Amino acid sequence: MKQKYRKRKAVEAAPETWAAAVMAGIDSLNASLNKGDALTSRQVQIKVEKAAYTPERIVKLRRRLGISQPLFADFIGASPIAVQKWEQGKRRPNAIARRFLSEIEHDPAHWKKRLSDCLTAAN
């Protein structure tokens, strides 16, 4: 049997009331995080940039890390041919690749450190 849901009526409240409710929610979220509780989509939303990556932007990002196309491809889990085509403008990175590129772009120092932790001398 299909369950019916009623729309809740918007409750008009004084700004002090809803501001207090927001702050209480933030305090509750912080307490959950400090206890190590798992977060759910009912508690929070993830807001991330859904960036478009031009060939120039990808080249610039790779060069910030100071690595070649094959090393960059290996680091992000793509094929060297895919990275080459991204940089030539023949293909665009898929959603998961764009998400990872955004993370690298957000904190390149962190990812450069992670990259240096992964490097070993070639035989």
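Any read-out appearing in this document is the output of simple, stated calculations on the displayed coordinates, not a laboratory observation. All figures in this text were calculated on a predicted structure; none of them were measured in a lab. Cβ atoms come from the backbone with ideal geometry, glycine included; neighbour counts cover every protein chain shown.
Modelled spin labels at L29 and R64, positioned 7 Å past Cα toward Cβ, are 2.5 nm from each other.
Close amide H pairs (under 5 Å, H built 1.01 Å from N) link R91 with W86, residues at least 5 positions away or on another chain. Based on Cα atoms of the chain, Rg over Rh with Rh as the Kirkwood radius reads 1.19.
Phi-derived couplings, Karplus 6.51 cos²θ - 1.76 cosθ + 1.60 at θ = phi - 60°, listed residue by residue for the range 32-42: 4, 5, 5, 7, x, 5, 6, 8, 10, 5, 6 Hz, with x used for Gly and Pro. Computed from backbone phi, the HN-Hα couplings of the range 82-89 come to 4, 4, 4, 5, 4, 6, 8, x Hz, rounded to whole numbers (Karplus: 6.51 cos²θ - 1.76 cosθ + 1.60, θ = phi - 60°; Gly and Pro given as x). Of the trypsin sites (Lys or Arg not before Pro) found in the range 15-53, those that fall in a DSSP loop while having at most 10 other beta-carbon atoms within 10 Å are R42, K47, K50.
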